[in-house]
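One structure is given below, encoded as structure tokens.
The values are calculated or read from the model by the stated rules, or taken from the named source; none is laboratory data. These numbers come from a predicted model, not from an experiment. Neighbour counts run over all protein chains shown; Cβ positions are idealised from the backbone, glycine included.
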Amino acid sequence: MAWWMIVLLLVAAFGPILWILPSRRDRLLASLRSGARRRGLLVELTRLPDLAAPPEARVSAGGKPRVPTVSCTAYRQPMSRAVNHAPRWRLLAVDPAVSSTVNRGTGPVPGWVFDGAVAGDEQYWARGTQRLSRLPDAVLGVEADRNQVSVFWRERVVVEQIDSILDDLAEALQGLVDWQWEIEQEALARLSGPPPEAD
């Protein structure tokens, strides 16, 4: 009987400690996010509209419309300076299996729809299509604003893939930054006008 009491006391004493220890998934996410920070990326937990939500998630039992969301993580590449003349936008990836049931308008490139205001013209997106195609398949959304570009995803990865996925994400984000800077420089060149002619 005394042994059972000792075991019970040990479980009561050390149980809470075991409960707060990080799980394997927590350790994997910590490794993934610290690897992202080493590559100069910012990491933030956020939510995006869930385009794949079933119809019953879009309306409450009382008939009120709902906006279903999905939890995800944003990996952000800051700009060295603010980009004021390039378009600002957010795109959401559309799963081909559910795209026919989702009516959120059209996007600038196949497989993507705008989340919010439409931005950029046909020429702008023709240049961006190749850069968007470099994003990993697990990406739920991508965004460009004045100060950074971001990808949104659910961080579903195994330990062996961490470095390759982070390298792919960092390269894709840098490609988006370069694209925004190209547009910014072209806009600034147009605004400054042609150089003065020599006499």
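Observations on the structure shown:
- Test for VAL94: is it farther than 16 Å from ASP178 by Cα and surrounded by 17 or more Cβ atoms within 10 Å (Cβ to Cβ): yes
- Taking segment 16-53 as the range and being at pLDDT below 85, assigned to a loop (DSSP other than H, G, I, E, B) and exposed (fewer than 13 other Cβ atoms within 10 Å of the Cβ) as the test, the residues that pass are LEU21, PRO22, SER23.
- Within segment 97-117, tally of residues that are of a type in the set (Val, Ile, Thr) and modelled with pLDDT of 90 or more: 1
- From GLN130, GLN174, residue being loosely packed, with under 12 Cβ neighbours inside 10 Å and at pLDDT 85 or above: GLN130
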